[in-house]
Amino acid sequence: MENLRDDQFEYIARALAETDDAAKQVITYTIIQHQSKILSFRRGLYNRAANFLRGAHCVGFGGHVNEADRDLFSRHDLGIRQNAAREISEELLLPNGRPQIDPASLQFLGILNDDSSDVGVRHMAVVLRYWVEDWSNWRSVTRGEASINKLRWLDTAGETINLSEFEYWSQLVIRSFFASSMRMVPSYKIQRKLIFREPHVLCVVGSIGSGKSATGRMFAEQFGYETVNSGAILAGLLGIPPIPETTRAEFQKRAEEFISDPDGPLRLGAALATAASVSRAERVLIDGIRHPETLEALRSNAKKPVALLYVYTPPDVAYEMYRDREGHEEQSITFADFIKLYTAPVESRIRYLVGDADIITFNWLGLQAYERAISSLVEELHAD
């Protein structure tokens, strides 16, 4: 980090940086650790974080590095450690007052650069670690700001960390530095089960490379669902061949134009409902819905109740699955190219569907392990 140069950075107004995808804001992301324990918190629901981060658990403390953080004693690292020390003292309280952190004591762990979300595109995190020595004070740490909630020490040697509780940056940090303690087994969460006991339409949604197609295939094979492909339905509405006859990038562009029209979601939802009603099967599966408005239109027009299964897969795992898919024509795709597909405008609202999910599945390890978890899920649903 001492190799940072002035000509690599400039100070601009934060209001401008928040709307400029060409600018990467530098923030600090500090892990506070005492022996095997790390400090975690939950983001407040009313802070300035992006909607999908609010309420998520986090292990990184810090904030935006600004010009005021840089002084005579911190010019060598552009004020980054100074910022980290200041942020900790503002966000936390000890029984004897605000933490007094020596910036020089902060250990540099790495750079976190994540372009898989709007927040990540505009931010780059410097990941640091602060080793706590005065445990008698720090064991009773409390919040110093309203945005910090539910502070808790996690013992990475004595308990298992459930990654599904944490936002993505914390997942990356935990996977990188505390791998032995995390619960990496693919898992699922059934939030509402009653709907699966009657005839219904099941929508399986998730990002590119998430494993939603494998999920749909297993439900079709083991549960007898008849499948409706939303991509094929949309291709018919667009008047173009489906993927791969039309390239994914071109299909995404045309789909975004269609869905951005006020009537687009209504037309697609109605067409999906019609396709589902044609089937005489008691269980119909729709793969690939990407917008809450389309789901709402489907529910308004469907003759059966509509359930939702959301497949959560971290972007880096999704990339590996997408790249290594058997027979995939884009096997040599780079991570940067994948992120362009992953973050295309037509894909950007998928994550907001998780709030409506009846089931959420978590895929941490890739397809083979994930399929075992789906088999367990199918068995649990079938047992009732």
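The values are calculated or read from the model by the stated rules, or taken from the named source; none is laboratory data. Predicted, not measured: the structure shown is a model, and the values here were computed from it. Neighbour counts are summed over all protein chains in view; Cβ atoms, including those assigned to glycine, are modelled from backbone coordinates with ideal geometry. Calculation scope for accessible area: heavy atoms of the full protein, side chains included, ligands and nucleic acids excluded. Shrake-Rupley method; radii C 1.70, N 1.55, O 1.52, S 1.80 Å.
Screening the stretch 168-252 for strands (runs of 3 or more DSSP E) wholly inside it with 2 or more residues that are hydroxyl-bearing (S, T, Y) returns the ranges 187-190. Listed by first and then second residue, the pairs with beta-carbon distance under 9 Å, at least 6 apart or on different chains, first residue in the stretch 153-181 and under 14 Å from P315 (Cα atoms), second open to solvent by 30 Å² or more (accessible area, probe 1.4 Å) and of a type in the set (V, I, T), are W169/V119. Within the stretch 334-348, the set of residues being modelled with pLDDT of 85 or more and either in a loop (DSSP other than H, G, I, E, B) or among the charged types (D, E, K, R) (or both) comprises T334, D337, K340, T343, A344, E347. Please verify whether the stretch 235-253 includes one or more residues that are touching a Pro at 6+ places or on another chain (Cβ under 7 Å) and either buried (at least 22 other Cβ atoms within 10 Å of the Cβ) or not acidic (D, E) (or both). Yes: one or more hits. Beta carbons closer than 6 Å, at least 6 apart along the sequence or on distinct chains, pair a first residue in the stretch 232-254 that is within 18 Å of P345 (Cβ to Cβ) with a second that is among the charged types (D, E, K, R) for L238/R254. The set of residues in the stretch 375-384 being part of a helix (DSSP H, G or I), surrounded by fewer than 20 Cβ atoms within 10 Å (Cβ to Cβ) and not β-branched (V, I, T) consists of S375, S376, E379, E380, L381, H382, A383.
Filtering the stretch 349-369 to residues that are assigned to a helix (DSSP H, G or I), in contact (Cβ under 8 Å) with a residue 24 or more places away in the chain and open to solvent by 10 Å² or more (accessible area, probe 1.4 Å) leaves R351, Y352, V354, D356, L367, A369. Only residues that are of a type outside the set (V, I, T), open to solvent by less than 70 Å² (accessible area, probe 1.4 Å) and at pLDDT 85 or above were counted across the stretch 167-187, and they come to 8. Checking each residue in the stretch 78-111 for being closer than 17 Å to L151 by Cβ and crowded, with 18+ Cβ neighbours inside 10 Å picks out E87, I88, E91, L92, L93, L94, P99, I101. Consider only pairs whose beta carbons are under 6 Å apart and that are at least six residues apart or on different chains; among these, list those whose first residue lies in the stretch 117-140 and is of a type in the set (S, T, Y) and open to solvent by less than 50 Å² (accessible area, probe 1.4 Å) and whose second residue is in a helix (DSSP H, G or I) and at pLDDT 95 or above. Partner pairs satisfying both residue conditions: none exist. Residues that are assigned to a loop (DSSP other than H, G, I, E, B) and either under 20 Å from D134 (Cα atoms) or at pLDDT 95 or above (or both) within the stretch 68-115 comprise P95, N96, R98, P99, Q100, I101, D102, L106, listed in sequence order. The residues of the stretch 40-67 that are out of contact with any Leu (no Cβ under 9 Å at 6 or more places or on another chain) and either open to solvent by less than 10 Å² (accessible area, probe 1.4 Å) or modelled with pLDDT of 60 or more (or both), listed by number, are G44, A56, H57, C58, G63, H64, N66, E67.
Is there a residue being in contact with a Gly (Cβ under 8 Å, 6 or more places away or on another chain), part of a helix (DSSP H, G or I), within 17 Å of L237 (Cβ to Cβ) and open to solvent by 70 Å² or more (accessible area, probe 1.4 Å) anywhere in the stretch 275-282? Within the stretch 275-282, not a single residue is in contact with a Gly (Cβ under 8 Å, 6 or more places away or on another chain), part of a helix (DSSP H, G or I), within 17 Å of L237 (Cβ to Cβ) and open to solvent by 70 Å² or more (accessible area, probe 1.4 Å). The condition of being open to solvent by 20 Å² or more (accessible area, probe 1.4 Å), out of contact with any strand residue (DSSP E or B) (no Cβ under 6 Å at 6 or more places or on another chain) and under 26 Å from A232 (Cβ atoms) holds for only one of R323, R299, R372, that being R323.
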